[in-house]
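The values are calculated or read from the model by the stated rules, or taken from the named source; none is laboratory data. Predicted, not measured: the structure shown is a model, and the values here were computed from it. Cβ: placed from backbone, ideal geometry, glycine included. Neighbour counts: every protein chain shown. We work out accessible area using only protein heavy atoms, side chains counted, and drop any ligands, DNA or RNA first. Shrake-Rupley method; radii C 1.70, N 1.55, O 1.52, S 1.80 Å.
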Amino acid sequence: QARDFPLVCAGALPTQLRSGKLADCAVSAMLSRVASLTAAPRARTGLLLASACQQRCFAHPLSVNMRDSDFNPPASEKTLYLNQFIQKPAAEHRKDVATATRHPVVHDTKDLIRAHAGDPHQTYGFGEYRHVHYDIVREPTFPRKPDLSKGELASGATVTRTDVWHDPKEPAIVSVAKFSPENFRPVGWAENAPQPTTTVPEGVLDFRTNRLPIGHADRRPWVYFLAASTGFIMGSMVRTVACKLVHTMWPAKDVWAAGIVEVDLRPVREGQNFVVKWRSKPVFIRRRTPDMIEKARKDDVLVPSMRDPATDAEICKKPEWLIVIGVCTHLGCIPQPDAGNWGGYFCPCHGSHYDHAGRLRQGPAPKNLEVPPHQFLDEFTLKLG
């Protein structure tokens, strides 16, 4: 590693630094750094192993045990950057940017001034790209108090673990507020901080010249068109969703057809119980004899004592025809015609008895047989539904 490292670092040097005294000084500083690193092979090997682990496990946190070092002091004792800062309110820093004498404005990237060779934040030479110092050297529990008169930075542990913030002439909360990170700026920041007005060199088309400014009169037709188009599209979408929702809940045609049934009553004989299907339910159509009508009307005087009071005339629109749904109102069984104690209908499941008008006379059923909606289109045509 010591043999290969100078070659790699020398290749990374700018062309103008590879010759002359400046290049000699840089290479000497670099070789001194390499020699100091090889003096602690265990620390270097541990970091390489940790880096290899980090490469194998993508986005895995790098965990290196902190330890005391006999060769390298902690960062608070020997910083790896130029520890020269200006402390004052952030508003004054912004004012300094507005009033500072800055470098000439350029319109092409090739006219930018060249930065200082190497990394200005590293003070030990060129070529090193890994901050070994920060990873493995343990910081002291109580670091050295920064000297603000020399422009040293006070942040993090150097503020919370020292009394650098203390000023007996003002409240503590005011003193601590002065050490907010926004109040520190490196020396020369106002003069050298980049303040680009554009990242597009002259001659590169970025369509900015084709755009009309906000509030321009020629933008209004486009805004109106866009608003109208958006309203039309949104209205169409709302209409489509509403129509689909209504059509989804709309009954199908076969359901409508099954809900209305016309029955020809001419084949029904007197006294016969004719059964038709309506909405998947049996409907009893009985052509009653005069004796059945007389018995049903005779029991009208007992209506107040019935469980579901109803007279014969209220159930039968025409005295000759009894039309009821053939489902027992107890648990949905099919009653048998011409049976029971009253000769009308009898449910064999639990013993409910109905008379010739379909009224409940005995048993557990709660109501009379249900009368479906119907009407007579003519003398012998019945419409159910």
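Quick notes
- Within the option set Val238, Val246, being of a type in the set (A, V, I, L, M, F, W, C), assigned to a helix (DSSP H, G or I) and under 30 Å from Pro373 (Cβ atoms) holds for one residue only, Val246.
- Count of residues meeting criterion [modelled with pLDDT under 80 and either assigned to a helix (DSSP H, G or I) or at positive phi (or both)] in the stretch 78-132: 7
- Beta carbons closer than 7 Å, at least 6 apart along the sequence or on distinct chains, never pair a first residue in the stretch 196-207 that is in contact (Cβ under 8 Å) with a residue 12 or more places away in the chain and closer than 12 Å to Thr109 by Cα with a second that is aliphatic (A, V, I, L, M) and surrounded by 10 or more Cβ atoms within 10 Å (Cβ to Cβ).
- Listed by first and then second residue, the pairs with beta-carbon distance under 8 Å, at least 6 apart or on different chains, first residue in the stretch 210-223 and assigned to a helix (DSSP H, G or I), second of a type in the set (A, V, I, L, M), are Asp218/Leu212; Arg219/Leu212.
- Residues within the stretch 202-237 that are surrounded by 10 or more Cβ atoms within 10 Å (Cβ to Cβ) and of a type in the set (Gly, Ala, Ser), tallied: 6
- Some residue of the stretch 285-301 being without any contact (Cβ under 8 Å) to a residue 24 or more places away in the chain and in contact with a Phe, Trp or Tyr (Cβ under 9 Å, 6 or more places away or on another chain): no
- Residue within the stretch 249-261 that is open to solvent by 40 Å² or more (accessible area, probe 1.4 Å), part of a strand (DSSP E or B) and closer than 15 Å to Lys383 by Cα present: no
- Among the residues of the stretch 156-191, those identified as in a helix (DSSP H, G or I) and surrounded by 15 or more Cβ atoms within 10 Å (Cβ to Cβ) are Thr158, Val159, Ser175, Asn183, Trp189, Ala190.
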